[in-house]
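Have a look at the structure below before the remarks.
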Amino acid sequence: MCREMFFLGYIHDIGYEFSQEQQEHSYVGGQFLKEQGYRYWREVWYHGIVTEEYSSEELKLLNTADMCIDSSGNHVGAVRRLADIEERYGVSSRQYTEAEKLAQRLGLI
């Protein structure tokens, strides 16, 4: 299971390779992985958003890690991660508002 979660964390942003729109990367990546028969495609599809549609322990783990680790793999915590998202996209962006809601739901802030 540990190796599966490591791999999930490693490939969860694969949608960036196939999509011009950054906000669509989770859907594009999830769809790609679904077509490949990957077991955790839903976790990729739903990561980074607050939803009642789907939940799993693996999605919670992925979202928690994603909200605490920067793009270089350093543990920065949710507050610094949110500050980075705010700096890149702006405080009123969909990316920031979703990340803030997600961090709150996960109990990270």
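The values are calculated or read from the model by the stated rules, or taken from the named source; none is laboratory data. Every value quoted in this text rests on a predicted model; they were computed, and no experiment measured them. We place every Cβ from the backbone using ideal geometry, glycine too, and count neighbours over all the protein chains shown. Side chains are part of the model used for accessible areas, which takes the heavy atoms of the whole protein and leaves out ligands, DNA and RNA. Shrake-Rupley method; radii C 1.70, N 1.55, O 1.52, S 1.80 Å.
Annotations
- Paramagnetic label zone (point 7 Å from Cα along Cα-to-C-beta, Phe7; backbone N under 14 Å) in segment 26-40: 33-34, 36-40
- Using every pair of distinct Cα positions in segment 23-109, the Kirkwood expression returns a hydrodynamic radius of 13.3 angstrom.
- Simple Cβ-charge dipole of segment 29-77, Lys/Arg +1 and Asp/Glu -1, about Cα centre, in debye nearest 20: 120
- Dipole magnitude of the chain, debye to nearest 20 (Cβ charges: Lys/Arg +1, Asp/Glu -1, about Cα centre): 220
- Mean ellipticity per residue at 222 nm, deg cm²/dmol - from DSSP H runs of n ≥ 4 across the chain, formula -39500 (n - 2.57): -17000 deg cm²/dmol
- Accessible surface, the chain, averaged per residue in Å² (probe 1.4 Å): 64
- For the chain, the fraction of 1.4 Å probe accessible surface lying on carbon and sulfur atoms is 49 percent.
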